[in-house]
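Worksheet for the structure shown next.
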Amino acid sequence: MTRAIPFRRKLILGIAAIQLTFLSAMILDDVQTLRRSSEDQLVKRAAVASAMMAAGAKDAVLATDLATLDSLVAELMRTPDLAYVRVRAADGGILAAAGNHGALARPFVADTALAAVQNQIFNVSHDITAAGQSFGRIELGISVHAIEEARRTALYWGGGMAFAVLALVALFSSLLGTYLTRGLDRLRQGVRSMEGGVLGTQVAVVGKDELAELTVAFNHMSATVAELYSEVRASHEHYETLVQAIPVGVFETDAAGACIRANPKWRRLVGVEDPSGHGDDWTGNVHPDDRDAVVEGWNLATSLRQRFKQEFRFQQPDGGIRHVLAEAVPMGDDLRHRGGFVGTITDISAIKRAEEALADHAAMLARQHDNLKSLNEIATLTDVSTGERLAKALALGARQLGLEIAIISKVDGNVYTVLHHAAPPETGLADGMTFELGSTYCAITLASDTVVAIPHMARSEYRGHPCYAAFRLEAYLGVPLIVHGERFGTLNFSSAQPMARGFDGGDIEFTTLLARWVAAVLERATVMADLARSNSELEQFAYVASHDLRQPLRMITSYLGLIEKRIGPQLGDDTKEFLGFAVDGAKRLDRLILDLLEYSRIDKSTKSAPVPLAKVLDDAILNLTVAIRENDAEIVVADAWPTVKGDATELTRLFQNLIGNAVKYRAPERRAKVEIGCRRQGRQWLIAVKDNGIGIAPDDHDRAFAIFQRLVTQGEYDGTGIGLAVCKKIVEHHGGTIWIESAVGHGSTFFLTLPA
Ligand code: ADP
């Protein structure tokens, strides 16, 4: 590197060089001028001298007066600087000569310019003429030594002067430079001091010149820099404090992706002490299962200089796992950042745990939802026998819990009987099988009198249980069954496989609810069996009673008929009237008994076949022809009627009773109108029989369906109070319901449903 030349020296040298150039040119020019004028003078002097000599010597030459010529020549030689004088005759002969012998010895050659002069002598000649004729010639030489001397002196003095001027100029320049550079020096020191880190350095302002202005500007700039620096520093400190305190790992890498800076949180999460030590690979503690993906992702991001974002796990020194979210973005490609990355690593373990808990919870909820659906499915199992319902419930429960064996057991003393079961055939289980209670896990359930859930028998305290030894059932879930308030047995599920996920609250809740339902079904089954028995006994009794009652009644009626026939004419009017009452009573009693018989027969005559309701209605209306005609009733039947499953006779009876009542209980003040319609409502048919009769008070709506219940007096409307009871029984027998909507005085509508 070339050494910098100080400004002052440059200034002095510069001025000196300029001055030197000028002075040299000036001196040379002066010397040249001097020389030229000396030359002119010389030439003129020589010409004048030679001319004067020629004039002076003319007569002597003409007279060939050599003595005069000699004295003339001698006289002339007294002239300073004259080197020689020679007078020649016209024939060239020398008439007189004096002066420098060397010069006289040399052949004469006239000089015209000083530059051509040889031997320091300027030679000049002048012809001696008279009357236009040449008689000789004067030759003389003038020494140019003096001129040369003068020129040298001039040069010497000029040089001396130039040197003096130069010295003066140098001195002046040095002084000026010192003055100028003092201010610059101060500025330079100021800059150096700032370079050295003393921001805000102020330089003394001297004078009012441009340098002073520059110094003021420098001071201002220095103060601004100091201010900005302190702001930057404060912001940096702020940033650093944040980075140090922030609960997120913050890091910076070089362009190659190697970490060069990081905060304490990063070190703790990543498990690397010195991030700038490139030997410490930050991926070293990434979970082995995640490492490949992380390294690949990071390499891709750094090579393409694109954003990096990935979730993965770190293995902590204590063996724990931390879930993190790492994000990094490429920084500018400028000098400071050099294409590195800045990024964060956030510990999302808590979020992950919460997510997992949530997922578990959601899975549990989903299972519970499924459990509820299964329970609902189980509870709504219809059209099957109790045994089938229980078996289906067991299968559903086993599927729901993911255990292959499900049993409803009855426990009597020490005997465990399989009442119902659902299990793969290879288990060899069969309903009715018995075991010793002690050899089953249910002994544990019944002893604890609560739910027993063992997800993995081999790892439980019961691994020594005889049931485990005998059947190797790993998972077991059992609940005691309480029927009619007494210990009945158990509902239990088991499997040869352990329950990997364990049993949760949802499983236990599900099994408990299922056990309650099973117990209820078992209870109902016994109640129903009792009820069916008593019902059939009752119906048997009613049937027999009604049947047997008709016998004596028929006798009474026929004897009353005989009495009327035999002694009727002799009887008084009152007696005839009494006899009439007796006959009516007997007839009414007979109808009552017939209706009762019909009522008691409904359940027995179960014939289930497709029944077109249109036909049923036609038959019912046909049976009522007389009543309809007598009451002048208008019957309006809808067009479209479905076919339902049921008993045609019973359904005809149903409509016959309802239409018959609608006609019978007509309002006297208007013509009876009965409208019968039907529409689909979900999984059933909704049928309405609407009249414009006397109506039924809301309080009587339920009572109307009870047997023997009449809401009118016998005198007003004839009847037995059994018709609607029969209707209700028929509808329920067909799986439907019946109800009334009515406004007293405006008519009634009997609604009924039948399964579609
Ligand atoms: P019955 O008609 O033989 O009296 P039901 O069992 O058929 O017996 O009817 C019970 C009671 O309900 C009737 O006595 C009557 O008061 C009332 N009832 C039935 N159908 C109607 C109807 N369509 N309009 C008004 N009341 C009715």
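The values are calculated or read from the model by the stated rules, or taken from the named source; none is laboratory data. Since we're looking at a predicted model, the values are computed, not measured. Note that we place each Cβ from the backbone using ideal geometry, even for glycine, and neighbour counts take in every protein chain shown. The area values use the complete protein model at the heavy-atom level, side chains included, leaving out ligands, DNA and RNA. Shrake-Rupley method; radii C 1.70, N 1.55, O 1.52, S 1.80 Å.
Figures for the structure shown
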{"item": "Of all residues in segment 676-687 being open to solvent by 70 Å² or more (accessible area, probe 1.4 Å) and touching a residue at least 40 places away in the same chain (Cβ under 8 Å), the one that is nearest to the ligand (Cβ to nearest atom)", "result": "Gln681"}
{"item": "Residue tally, condition within 19 Å of Val674 (Cβ to Cβ) and either within 11 Å of the ligand (Cβ to nearest atom) or loosely packed, with under 14 Cβ neighbours inside 10 Å (or both), over segment 746-756", "result": "5"}
{"item": "Condition check for Gln118: within 29 Å of Gln32 (Cβ to Cβ), polar (S, T, N, Q), without any contact (Cβ under 8 Å) to a residue 24 or more places away in the chain and out of contact with any Cys (no Cβ under 6 Å at 6 or more places or on another chain)", "result": "yes"}
{"item": "Elements of type strands (runs of 3 or more DSSP E) in segment 411-479, at least 1 residues being open to solvent by 50 Å² or more (accessible area, probe 1.4 Å) and touching an Asp or Glu at 6+ places or on another chain (Cβ under 8 Å)", "result": "415-422"}
{"item": "Any chance Phe503 is out of contact with any Phe, Trp or Tyr (no Cβ under 6 Å at 6 or more places or on another chain), surrounded by 11 or more Cβ atoms within 10 Å (Cβ to Cβ) and outside any helix (DSSP H, G or I)", "result": "yes"}
{"item": "Counted residues, segment 711-745 - those being open to solvent by less than 30 Å² (accessible area, probe 1.4 Å), within 9 Å of the ligand (Cβ to nearest atom), outside any strand (DSSP E or B) and of a type in the set (Val, Ile, Thr)", "result": "3"}
{"item": "Long-range neighbours under 7 Å by Cβ, at least six apart or interchain, first residue over 23 Å from Asp40 (Cα atoms) within segment 97-112, second in a loop (DSSP other than H, G, I, E, B)", "result": "none"}
{"item": "Every pair of residues 6+ apart whose Cβ atoms lie under 6 Å, when the first sits in segment 713-724 and is among the aliphatic types (A, V, I, L, M) while the second is assigned to a helix (DSSP H, G or I) and near the ligand (Cβ under 6 Å from one of its atoms)", "result": "Leu724/Ala704"}
{"item": "Subset tally (residues that are among the basic types (Lys, Arg) and in contact (Cβ under 8 Å) with a residue 40 or more places away in the chain) for segment 355-400", "result": "2"}
{"item": "Of the criteria (1) over 29 Å from Arg601 (Cβ atoms); (2) within 16 Å of the ligand (Cβ to nearest atom); (3) of a type in the set (A, V, I, L, M, F, W, C), which one Ala640 fails", "result": "(2)"}
{"item": "Asp30 closer than 30 Å to Phe163 by Cα, open to solvent by 20 Å² or more (accessible area, probe 1.4 Å) and assigned to a helix (DSSP H, G or I)", "result": "yes"}
{"item": "Residue in segment 653-672 that is part of a strand (DSSP E or B), modelled with pLDDT under 95 and not acidic (Asp, Glu) present", "result": "no"}
{"item": "Close pairs (7 angstrom Cβ cut-off, 6 or more residues apart or separate chains): over 14 Å from Ser125 (Cα atoms) in segment 46-64, open to solvent by 40 Å² or more (accessible area, probe 1.4 Å) and outside any helix (DSSP H, G or I) anywhere", "result": "Val61/Phe135; Leu62/Phe135"}
{"item": "Sole exception among (1) without any contact (Cβ under 8 Å) to a residue 40 or more places away in the chain; (2) of a type in the set (Val, Ile, Thr); (3) over 27 Å from Gln709 (Cβ atoms); (4) surrounded by 12 or more Cβ atoms within 10 Å (Cβ to Cβ) for Val644, by number", "result": "(1)"}
{"item": "Segment 84-116: number of residues that are in a loop (DSSP other than H, G, I, E, B) and either open to solvent by less than 30 Å² (accessible area, probe 1.4 Å) or among the small types (Gly, Ala, Ser) (or both)", "result": "6"}
{"item": "Pairs where the first residue, in segment 688-710, is in a loop (DSSP other than H, G, I, E, B) and more than 7 Å from the ligand (Cβ to nearest atom) and the second is open to solvent by 40 Å² or more (accessible area, probe 1.4 Å) and among the basic types (Lys, Arg), C-beta under 9 Å, 6+ apart", "result": "Asn692/Arg666; Asn692/Arg670; Asn692/Arg671; Asn692/Lys673; Ala706/Lys728"}
{"item": "Some residue of segment 480-500 being surrounded by fewer than 13 Cβ atoms within 10 Å (Cβ to Cβ), modelled with pLDDT under 90 and over 22 Å from Val415 (Cα atoms)", "result": "yes"}
{"item": "Condition met for Glu650 (assigned to a strand (DSSP E or B), within 20 Å of Leu624 (Cβ to Cβ), acidic (Asp, Glu) and touching a residue at least 24 places away in the same chain (Cβ under 8 Å))", "result": "no"}
{"item": "Filtered residue count, segment 707-756, keeping only those that are small (Gly, Ala, Ser) and touching a Pro at 6+ places or on another chain (Cβ under 8 Å)", "result": "4"}
{"item": "Candidate set: segment 605-641, residues that are free of Cβ contacts under 8 Å to residues at least 12 places away in the same chain and of a type in the set (D, E, K, R); chosen: the one least open to solvent (accessible area, probe 1.4 Å)", "result": "Asp618"}
{"item": "Pair list, Cβ < 6 Å and 6+ apart or interchain, from segment 734-754 residues that are closer than 9 Å to Ile687 by Cβ to residues that are away from the ligand (no atom under 13 Å from the Cβ) and in a loop (DSSP other than H, G, I, E, B)", "result": "Leu752/Gly736; Thr753/Gly736; Thr753/Thr737; Leu754/His734; Leu754/Gly736"}
{"item": "Unmet criterion (only one of (1) β-branched (Val, Ile, Thr); (2) open to solvent by 10 Å² or more (accessible area, probe 1.4 Å); (3) closer than 26 Å to Phe435 by Cα) for Thr380", "result": "(3)"}
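Yes or no, residue by residue, for (1) closer than 20 Å to Ala130 by Cβ; (2) in contact with a strand residue (DSSP E or B) (Cβ under 9 Å, 6 or more places away or on another chain):
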{"site": "Pro6", "(1), (2)": "no, no"}
{"site": "Ser24", "(1), (2)": "no, no"}
{"site": "Met53", "(1), (2)": "yes, yes"}
{"site": "Val73", "(1), (2)": "yes, yes"}
{"site": "Leu82", "(1), (2)": "no, yes"}
{"site": "Arg86", "(1), (2)": "yes, yes"}
